[in-house]
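See below for the structure under consideration.
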Amino acid sequence: MTSQERIKSLEDTKLDICENFTRICQYHKIDIEKIYYAEQNIENIFDWIIEFYKQDIQKDKTSKKALIIGMVNTISGLKIPIVTSWMHQSPIEFLLYSALENSMPPYIWEKAFMMPQVPVCNEKYYILDIALMDRRDPEKDGTEGVPIIGIECDGYDYHYNNPDKVTKTQERIRDINMTTGIKIFSYTGTEIYNNCTKLASDFWEYVERYIYPAKSKT
């Protein structure tokens, strides 16, 4: 593929991504200002790469080097979630995780983090799909985090499509609640897909109210 062909492909991809990006953000009622700045960043990254190939056509090595250095210094400072541990989870889990990760209040991040498939009850169960882990002092209890809330997002078909699954699901949740005191939140795949940002907002509102009250921010 020539540099000119790459430029055309990148321009088409930029247009397609930005259109879908805006549509999906508006559907989920994400803050307009956040959408604007995110759109600008996406477009600028594409424009940077496109300009790189334009300079390649011009055989301008100096400008190409300047573009790369500028990209490194700028893009390395963007807040991008680490998602490698979620690549093998279901799309619904990844969607809810992304919504939660990107809306977590900064002061809560200092106190807790999220982790998938955490074992509980002496490894009798894995704590559903996502766990909110309280950061504890490893010098005091020897752990890097303690699960305080579990999130289940496999949906109806996985847990409730026949009486036997309903019974096993309810028994497992009760056992986790009674043995560990961990609260369990359950979401269907449909509501996650349709309302992930609202679910994330409600989740953090609960955490701020009952787990890490605002007065504890300082």
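The values are calculated or read from the model by the stated rules, or taken from the named source; none is laboratory data. Everything numeric here is computed off the predicted structure, so don't read it as measured data. Using ideal geometry, Cβ is built from the backbone for each residue, glycine included, and neighbour counts are taken over all protein chains shown.
Brief remarks follow.
- All of (1) over 25 Å from Y27 (Cβ atoms); (2) surrounded by fewer than 17 Cβ atoms within 10 Å (Cβ to Cβ); (3) within 21 Å of the chain's Cα centre (by Cα); (4) modelled with pLDDT under 85 hold for P81 with one exception: (1).
- None of L95, L100 is modelled with pLDDT of 90 or more, surrounded by 15 or more Cβ atoms within 10 Å (Cβ to Cβ) and in the same structural domain as E191 (by TED's automatic domain parsing) except L100.
- Apart from one condition, K64 fits all of (1) farther than 30 Å from L100 by Cβ; (2) surrounded by fewer than 11 Cβ atoms within 10 Å (Cβ to Cβ); the exception is (2).
- Selection within the range 32-57: residues that are surrounded by 14 or more Cβ atoms within 10 Å (Cβ to Cβ), touching a residue at least 24 places away in the same chain (Cβ under 8 Å) and among the aliphatic types (A, V, I, L, M). The member of this set that is nearest to T197 (Cα to Cα) is I42.
- Those residues of the range 162-218 which are within 23 Å of E110 (Cα to Cα) and charged (D, E, K, R), in sequence order: K183, K198, D202, E205, E208, R209, K215, K217
- Condition check for K29: under 27 Å from Y210 (Cβ atoms), touching a residue at least 12 places away in the same chain (Cβ under 8 Å) and of a type in the set (K, R): yes
- S9 being modelled with pLDDT of 90 or more and exposed (fewer than 15 other Cβ atoms within 10 Å of the Cβ): yes
- Tabulated pairs, the range 1-22, first without any contact (Cβ under 8 Å) to a residue 12 or more places away in the chain, second part of a helix (DSSP H, G or I) and surrounded by fewer than 12 Cβ atoms within 10 Å (Cβ to Cβ), C-beta under 6 angstrom, 6+ apart or interchain: none
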